Structures are given as C-alpha cells and as structure tokens.
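The next block holds one structure in the form of structure tokens; read it before the comments.
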Amino acid sequence: VQLQASGGGLVQAGDSLSLTCTASGLSISTYGMGWFRQAPGKEREFVAGIIWSGDKTLYTASVKGRFTISRDYAKNTVYLLMNILKPEDTAVYYCAADPHGLGNSEISLYRYWGQGTQVTVSS
C-alpha cells in the first residue's frame, strides 16, 4: 500500500493550492480518507476527512469554508483544495487512509500514511 501526496509549495497569504493523494494497493472506495498536517514543534493535527462513500466530509474549525476535500474513485485519488491560505497553514501535509471507512478526526483510526508534502505560506 502506498499513498503518494503531492502539490505542496511556497505561496503567499491569500493564494490557493491543491494537494493530491494517489493511492496504490488499496481502493479508496472502501476507505475513509483524511488530510492531516504537522507544523514544526507541534503535534500532527486533523485537517479534513471524507467518508468512504464520499457523501460526508469533516473539517477542523480553522479551515472550514477555505478548504475542500474531495475524491475521484476512477483515479483512486483524494484532493485537498486550499483557498485563502494563511501563514498559520504552513506545515507538512499528510494524507491517510482509514480502513473503518469513517474519515473522521481520530488519528488512531488511520492505518496507512503518505510521505507528506510541504506547504509554506508567506505573509
């Protein structure tokens, strides 16, 4: 199983980025999928999640209304569209797969993790 995250970069505050997580060795149609992030010196935190069926999403309060998680079953890929980026969004972003199918904020439920992609937002 491999989760390949990409799309990070250096942007200015107010800009947008779209992260991509492509899965191999598992079908995202049976997994809940989530995005987490970890800033230097901080714990890894939940950002957004999507249930296996794709009809329910969950966001941490600080990104609600700015970020959108979505999935493409045909491409076995999950996306995180990030708008109106802020310096406090700077972190390494990880995608993860939850075999329980829930895609919620409980980090212990996620079995597989991608390698992370750096997002840096300058002020």
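Determine whether residue 90 is within 19 Å of residue 44 (Cβ to Cβ), hydroxyl-bearing (Ser, Thr, Tyr), out of contact with any Lys or Arg (no Cβ under 6 Å at 6 or more places or on another chain) and open to solvent by less than 40 Å² (accessible area, probe 1.4 Å).
Against the criterion (within 19 Å of residue 44 (Cβ to Cβ), hydroxyl-bearing (Ser, Thr, Tyr), out of contact with any Lys or Arg (no Cβ under 6 Å at 6 or more places or on another chain) and open to solvent by less than 40 Å² (accessible area, probe 1.4 Å)), residue 90 qualifies.
Inside region 64-84, can you point out the residues that are touching a residue at least 24 places away in the same chain (Cβ under 8 Å), in contact with a Lys or Arg (Cβ under 9 Å, 6 or more places away or on another chain) and either assigned to a loop (DSSP other than H, G, I, E, B) or farther than 15 Å from residue 36 by Cα (or both)?
Across region 64-84, the qualifying residues are 77, 83, 84.
Would you check if residue 72 is at pLDDT 95 or above, out of contact with any helix residue (DSSP H, G or I) (no Cβ under 8 Å at 6 or more places or on another chain), over 24 Å from residue 123 (Cα atoms) and open to solvent by 40 Å² or more (accessible area, probe 1.4 Å)? Spell out how you get there, then give the answer.
Working: at pLDDT 95 or above: yes; out of contact with any helix residue (DSSP H, G or I) (no Cβ under 8 Å at 6 or more places or on another chain): yes; over 24 Å from residue 123 (Cα atoms): yes; open to solvent by 40 Å² or more (accessible area, probe 1.4 Å): yes.
Yes; evaluated as a whole, the condition is true for this residue.
Provide a single number: the residues in region 39-59 that are touching a residue at least 60 places away in the same chain (Cβ under 8 Å) and open to solvent by less than 70 Å² (accessible area, probe 1.4 Å).
Residues in region 39-59 being touching a residue at least 60 places away in the same chain (Cβ under 8 Å) and open to solvent by less than 70 Å² (accessible area, probe 1.4 Å): 1 in total.
Working only within region 87-110, note down all residues that are assigned to a loop (DSSP other than H, G, I, E, B) and touching a strand residue (DSSP E or B) at 6+ places or on another chain (Cβ under 6 Å).
Of everything in region 87-110, those that are assigned to a loop (DSSP other than H, G, I, E, B) and touching a strand residue (DSSP E or B) at 6+ places or on another chain (Cβ under 6 Å) turn out to be 90, 101, 102, 103, 104, 105, 110.
Residues of region 83-98 being touching a Leu at 6+ places or on another chain (Cβ under 8 Å) and over 15 Å from residue 57 (Cα atoms), which ones? Write out each step before concluding.
Step one: list which residues in region 83-98 are touching a Leu at 6+ places or on another chain (Cβ under 8 Å), which gives 85, 93, 95-98.
Correct list: 85, 93.
The values are calculated or read from the model by the stated rules, or taken from the named source; none is laboratory data. Computed from a prediction, not measured in an experiment: that's the story for all the values here. Using ideal geometry, Cβ is built from the backbone for each residue, glycine included, and neighbour counts are taken over all protein chains shown. Side chains are part of the model used for accessible areas, which takes the heavy atoms of the whole protein and leaves out ligands, DNA and RNA. Shrake-Rupley method; radii C 1.70, N 1.55, O 1.52, S 1.80 Å.
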